[in-house]
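Here's the structure, in structure tokens; my notes come after.
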Amino acid sequence: MNYPALGLLFYFFAAYGVIISVLSTIYLIWQRRINALIGAALATGVALITDIIISIFWSRPRPFISHPELVFPENVNISIHTSSFSSSHTYIAFAIATAIFLYGHKKLGVFLFAVAILVAISRIGVGLHYPSDVIGGALLGIASGIFSFLFVHKSQKYWKLEDVS
């Protein structure tokens, strides 16, 4: 069966869902939640560095390259030839959501976790990643978010900011 609305949803979140997560940091600036902003940025950076290290030692082709008979070429951007594991869109979305949630922004954090889940499912749905890629990305993002929260929380005594949440 063909579900065009679901396809559009997948394409939107696969391509632009992570932008929603990144733009949420504007809210943190507006609310003067600088520690949460630093935590979200650090979480993204830690996940990025870890992903680069993983990709040096393990590279797996994307599903649309390995299984072209299962994924229609018009569904994906064929110019994407990077490694499939792990999903960078997924780990960025989960890293930001985790850091923001841990800093006490529960409503925004829950919303961003929902966005992160939609990003992960959509990256599989359009043939850019295997399920293990997005699971790995989600775990990497959550771990990075927890690490950055703990690091920034312990380090905040070294700078003076009004926001100590």
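With the highest mean first, a sort of the peptides 95-104, 136-145, 22-31, 9-18 on other beta-carbon atoms found within 10 angstrom per residue produces 95-104, 136-145, 9-18, 22-31. Treating r as the C-beta distance of residue 139 and residue 55 and R0 as 22 Å, the FRET efficiency rounds to 0.90. Near residue 85, the amide H atoms lying under 5 Å from its own belong to 60; only residues 5 or more places off or on other chains count, and H is placed 1.01 Å from N. Using the average count of surrounding beta-carbon atoms within 10 Å as a protection proxy, the listed peptides 34-40, 120-126, 148-154 rank, highest first, as 34-40, 120-126, 148-154.
In this label model, residue 106 and residue 26 are separated by 2.7 nm, measuring between points 7 Å along each Cα→Cβ vector. Between beta-carbons, use under 15 Å as the cut-off and find the net charge around residue 101, counting Lys and Arg +1, Asp and Glu -1. Surrounding charge for residue 101 is +3.
Applying 0.36 nm per residue to the separation of residue 158 and residue 5 and subtracting their alpha-carbon distance, the gain on full extension is 50.1 nm.
None of the figures in this text is laboratory data; all of them are computed from the coordinates on show. Fair warning: this is a prediction, and the values are worked out from it, not measured in the lab. Note that we place each Cβ from the backbone using ideal geometry, even for glycine, and neighbour counts take in every protein chain shown.
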